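The values are calculated or read from the model by the stated rules, or taken from the named source; none is laboratory data. Since we're looking at a predicted model, the values are computed, not measured. Every residue, glycine among them, receives a Cβ derived from its backbone with ideal geometry; neighbour counts consider all protein chains shown.
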Amino acid sequence: MSFSPLIRQLIDSLRILPGVGQKTAQRMALQMLERDRSGGLQLARALTAAMEGVGHCQRCRTLSEDALCPLCADPRRDDSLLCVVEGPLEVFAVEQTGFRGRFFVLKGHLSPLDGLGPEAIGIPELLARVEAGSFSEIILATNPTVEGEATAHYIAQMLAGKGLSMTRIAHGVPLGGELEMVDGGTLAHALAGRRPMGA
């Protein structure tokens, strides 16, 4: 089936979403055009408003409509803890745990093959934030991938000698998981990060 230019443009635009391939984009486009025009128009308005109105927090660099996001503007948070994450989704995930410190959002992880060096992901801004703050602990919460590990090690080296406690989030067996179902790499991390049983 050959689609008209406007329908093709809509399908191609929907394909920029993660996990949306050609067939899914076609179904979405045709669903909106055939059965939910008002929903499609509402989506268009929300997209336009978000694209034009959402920027980045000047302090932590997460997505925000204001110069300071609500987390950075909150005076009740712990100014001695700084959690470094790869993106805004990780801020949300860590926040769900009850963490009450401050955040710094990198723009991804170090990946020389993709042209992502320290400047591209915001390492200079992180160093400036640490210098300007009163942090005693930096929590490196980059993803447990090869690139995430390399990024955490790079940051730890850059901040070495500044009298800060540098910690890395633990990786290992999920709560409720069974050892036989855990992959070897995860189990190796869990064994390497073992700690003594509390009294």
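List of remarks:
- If you go through segment 96-130 and keep only what is loosely packed, with under 12 Cβ neighbours inside 10 Å and either touching a residue at least 24 places away in the same chain (Cβ under 8 Å) or among the hydroxyl-bearing types (Ser, Thr, Tyr) (or both), you end up with just Thr97.
- Of the residues making up segment 131-144, not one is crowded, with 19+ Cβ neighbours inside 10 Å and part of a helix (DSSP H, G or I).
- Screening Val84 on (1) free of Cβ contacts under 8 Å to residues at least 60 places away in the same chain; (2) assigned by TED's automatic domain parsing to the domain that holds Thr142; (3) not in a helix (DSSP H, G or I) shows it passes everything except condition (1).
- The condition of being touching a Gly at 6+ places or on another chain (Cβ under 9 Å), outside any loop (DSSP other than H, G, I, E, B), surrounded by fewer than 18 Cβ atoms within 10 Å (Cβ to Cβ) and of a type outside the set (S, T, N, Q) does not hold for Ala93.
- Within segment 145-181, tally of residues that are exposed (fewer than 15 other Cβ atoms within 10 Å of the Cβ), among the β-branched types (Val, Ile, Thr) and free of Cβ contacts under 8 Å to residues at least 24 places away in the same chain: 1
- Scan segment 26-58 for residues that are closer than 20 Å to Gly87 by Cβ, in a loop (DSSP other than H, G, I, E, B) and not hydrophobic (A, V, I, L, M, F, W, C) and the total you get is 1.
- The residues of segment 64-81 that are in a helix (DSSP H, G or I) and either within 18 Å of the chain's Cα centre (by Cα) or surrounded by 18 or more Cβ atoms within 10 Å (Cβ to Cβ) (or both), listed by number, are Pro70, Leu71, Cys72.
- Hey, Cys69 in contact with a Phe, Trp or Tyr (Cβ under 6 Å, 6 or more places away or on another chain) and either hydroxyl-bearing (Ser, Thr, Tyr) or within 28 Å of Pro124 (Cβ to Cβ) (or both) or not: no
- Test for Arg61: is it buried (at least 18 other Cβ atoms within 10 Å of the Cβ) and not in a strand (DSSP E or B): yes
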